[in-house]
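The values are calculated or read from the model by the stated rules, or taken from the named source; none is laboratory data. From a predicted model like this one, the values you see are computed outputs, not experimental measurements. Please note: Cβ atoms are built from the backbone with ideal geometry, for glycine as well, and neighbour counts cover all protein chains shown. Protein only, heavy atoms only, side chains kept; ligands, DNA and RNA dropped before computing areas. Shrake-Rupley method; radii C 1.70, N 1.55, O 1.52, S 1.80 Å.
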Amino acid sequence: MRDYDEVTAFLGEWGPFQRLIFFLLSASIIPNGFNGMSIVFLAGTPEHRCLVPHTVNLSSAWRNHSIPLETKDGRQVPQKCRRYRLATIANFSELGLEPGRDVDLEQLEQESCLDGWEYDKDVFLSTIVTEWDLVCKDDWKAPLTTSLFFVGVLMGSFISGQLSDRFGRKNVLFLTMGMQTGFSFLQVFSVNFEMFTVLFVLVGMGQISNYVAAFVLGTEILSKSIRIIFATLGVCIFYAFGFMVLPLFAYFIRDWRMLLLALTVPGVLCGALWWFIPESPRWLISQGRIKEAEVIIRKAAKINGIVAPSTIFDPSELQDLNSTKPQLHHIYDLIRTRNIRVITIMSIILWLTISVGYFGLSLDTPNLHGDIYVNCFLLAAVEVPAYVLAWLLLQYLPRRYSISAALFLGGSVLLFMQLVPSELFYLSTTLVMVGKFGITSAYSMVYVYTAELYPTVVRNMGVGVSSTASRLGSILSPYFVYLGAYDRFLPYILMGSLTILTAILTLFFPESFGVPLPDTIDQMLRVKGIKQWQIQSQTRMQKDGEESPTVLKSTAF
């Protein structure tokens, strides 16, 4: 049978039809850019301290000194989770005693925030943190919400492929797009933290599923020369554009419910794409629906101003589509030989570390110096040149050196953060942007590199396992950010150290640039060290053979 690309070559490479599919599928990714990162603003934690009710009879001096002070970053700031015992200071106030002069504040008994908290409203009017008091002893709940969103992404990664193969790319794309938008809309009416979080898990499942469906649909419809650009620049840059839109929405809408409602509107508008995006002809052919595939291709030819041949798919050529059954492979094959086992372990570490760095820096936006909205926009905007650089590096330079250099860049500037004086906060923010640039470039390249390392027979499984490690990294990333509450630089030290160690590890990967893709496990490139180990083993065997007459005799035959 002729190759599908050969059969449909008459459509051309980059006609109006291909451009339409390219931009519409890329546009469908825009809501994904702000749905995952929206938690930066939905769960923002403003400055807060214990609430001192107005009904408590305190003088202005005692009211101003009702909150104990603590030293943070070299300056005295009010504690967020403790206050002086109100009954005690109310008694002192009634007696006319002055705080600090008549009463030693350090000796006063303290208590927790029994009446709740008061929150600064300069940045956020309301968030899920301020609405449900997710601070102090409950401050672990905000990062948990983000982690559970990525748990939903992990579950969606498992099921999206099977759903797409069974029900079609287009159907799953719009079903999961509706799932993402619908559950986001329901989150607006959440009555408690638990309801919000459960719905957020479902939003995560829908988000990754429509992303994968759009990616596969575009890859199957577009021609060979356009597929790589779509998979790298098209999908990634439109995702980054969605990420850039997020702080613009959040800047003008400071209430979390109204912000979430506004973020669902683009998803609703994407529903109109149903009438413009076709099903994958490749998938239709695999299901035996040849006539439907022909209708789509003839429509594409008409849009491109090309006359389609009278017969596109010859039934005699298609009858043997499923006549040969490929050899079945299992996940065990990813660890069957020493070489593929080492590559699998190294790939898992590489993907997990890059994911921790990427999402950790993205979610750490509120902790950066300066305006949170400007910082979020810059963190999103820096992804565009990062994707362009990654595409150029993949075109012209070796893979492992490109990825390792990008990781070294990202990790080293993060480690350098702790050496920057606190007053040079613009320099600190710039270093974070450079770190995000390097890690994003590596994230974009690692997809292609991993696919090139694994052989055809287990390529999907290899990339799938690596991608799962990436999801685990995204689940862990909110807690790297959470460590910043104990030490401002601790998240950067951990992420920077892991990134540099992984950059060193990447240098031991085999190089796939300019090398034909392996089809079998035996054809895989060797990891550095494995090759030498095998040569040494063969040398020892040869020496043993030279010393053993039995072996010499057997080899003579």
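Got at least one residue in segment 14-23 being assigned to a loop (DSSP other than H, G, I, E, B), among the aromatic types (Phe, Trp, Tyr) and touching a helix residue (DSSP H, G or I) at 6+ places or on another chain (Cβ under 7 Å)?
Among the residues of segment 14-23, at least one is assigned to a loop (DSSP other than H, G, I, E, B), among the aromatic types (Phe, Trp, Tyr) and touching a helix residue (DSSP H, G or I) at 6+ places or on another chain (Cβ under 7 Å), which makes the answer yes.
Have a look at Trp283, Trp274 and point out the one that is open to solvent by 10 Å² or more (accessible area, probe 1.4 Å), modelled with pLDDT of 85 or more and part of a helix (DSSP H, G or I). So that I can check it myself, show each step before the final result.
Details: Trp283 fails: modelled with pLDDT of 85 or more.
The conditions single out Trp274.
In segment 297-348, which residue that is open to solvent by less than 50 Å² (accessible area, probe 1.4 Å) and over 30 Å from Thr502 (Cα atoms) is modelled with the lowest pLDDT? Working first, answer last.
Within segment 297-348, the subset open to solvent by less than 50 Å² (accessible area, probe 1.4 Å) is 297, 300-301, 304, 308, 312-313, 318, 329, 333-334, 337, 339-340, 342-344, 346-347.
When the remaining residues are screened for being over 30 Å from Thr502 (Cα atoms), the result is 297, 300-301, 304, 308, 312-313, 318.
Values: Ile297: 84, Ala300: 84, Ala301: 84, Asn304: 81, Ala308: 68, Ile312: 67, Phe313: 66, Leu318: 55.
Applying the filter and picking the extreme gives Leu318.
Could you list, in sequence order, the residues of segment 407-432 that are closer than 17 Å to Leu350 by Cβ and either without any contact (Cβ under 8 Å) to a residue 60 or more places away in the chain or not hydrophobic (A, V, I, L, M, F, W, C) (or both)?
Within segment 407-432, Leu409, Gly410, Gly411 meet the criteria.
Under the condition of being of a type in the set (D, E, K, R) and not in a helix (DSSP H, G or I), which residue from segment 364-412 is least open to solvent (accessible area, probe 1.4 Å)?
Looking at the filtered set, the residue picked out is Asp364.
Within segment 127-165, take every residue that is outside any helix (DSSP H, G or I) and in contact (Cβ under 8 Å) with a residue 24 or more places away in the chain and give me the one that is surrounded by the most Cβ atoms within 10 Å (Cβ to Cβ).
If we take residues in segment 127-165 being outside any helix (DSSP H, G or I) and in contact (Cβ under 8 Å) with a residue 24 or more places away in the chain, then Thr127 is surrounded by the most Cβ atoms within 10 Å (Cβ to Cβ).
Could you run through segment 180-214 and say how many residues are in a helix (DSSP H, G or I), surrounded by 19 or more Cβ atoms within 10 Å (Cβ to Cβ) and either without any contact (Cβ under 8 Å) to a residue 40 or more places away in the chain or over 21 Å from the mean Cα position of the chain (by Cα) (or both)?
Going through segment 180-214 one residue at a time, the tally reaches 4.
Restricting attention to segment 471-497, which residues are among the charged types (D, E, K, R) and within 18 Å of the chain's Cα centre (by Cα)?
Arg471
How do the pairs read when you match residues in segment 52-78 that are farther than 18 Å from Asn91 by Cβ and touching a residue at least 12 places away in the same chain (Cβ under 8 Å) with residues anywhere that are loosely packed, with under 14 Cβ neighbours inside 10 Å and not acidic (Asp, Glu), using Cβ under 9 Å and keeping only pairs 6 or more apart or on different chains?
What qualifies is Asp73/Ser422; Gly74/Ser422; Pro78/Leu69.
Please state which one of Leu217, Leu261 is in contact (Cβ under 8 Å) with a residue 12 or more places away in the chain, open to solvent by 40 Å² or more (accessible area, probe 1.4 Å), in a helix (DSSP H, G or I) and not charged (D, E, K, R).
Result: Leu261 is the single residue among Leu217, Leu261 that is in contact (Cβ under 8 Å) with a residue 12 or more places away in the chain, open to solvent by 40 Å² or more (accessible area, probe 1.4 Å), in a helix (DSSP H, G or I) and not charged (D, E, K, R).
Tally the residues that are under 14 Å from Arg49 (Cα atoms) and open to solvent by less than 40 Å² (accessible area, probe 1.4 Å), restricting the search to segment 59-88.
Residues in segment 59-88 being under 14 Å from Arg49 (Cα atoms) and open to solvent by less than 40 Å² (accessible area, probe 1.4 Å): 7 in total.
When both residues are 6+ apart or on different chains and their Cβ atoms are under 8 Å apart, which pairs have a first residue that lies in segment 166-179 and is at positive phi and touching a residue at least 60 places away in the same chain (Cβ under 8 Å), and a second that is among the polar types (S, T, N, Q) and open to solvent by less than 40 Å² (accessible area, probe 1.4 Å)?
So the pair list comes out as Gly168/Ser280.
Every residue in segment 414-431 that is part of a helix (DSSP H, G or I) and out of contact with any Ser or Thr (no Cβ under 9 Å at 6 or more places or on another chain), please.
Across segment 414-431, the qualifying residues are Phe416, Gln418, Leu419, Phe425, Tyr426, Leu427, Thr429, Thr430, Leu431.
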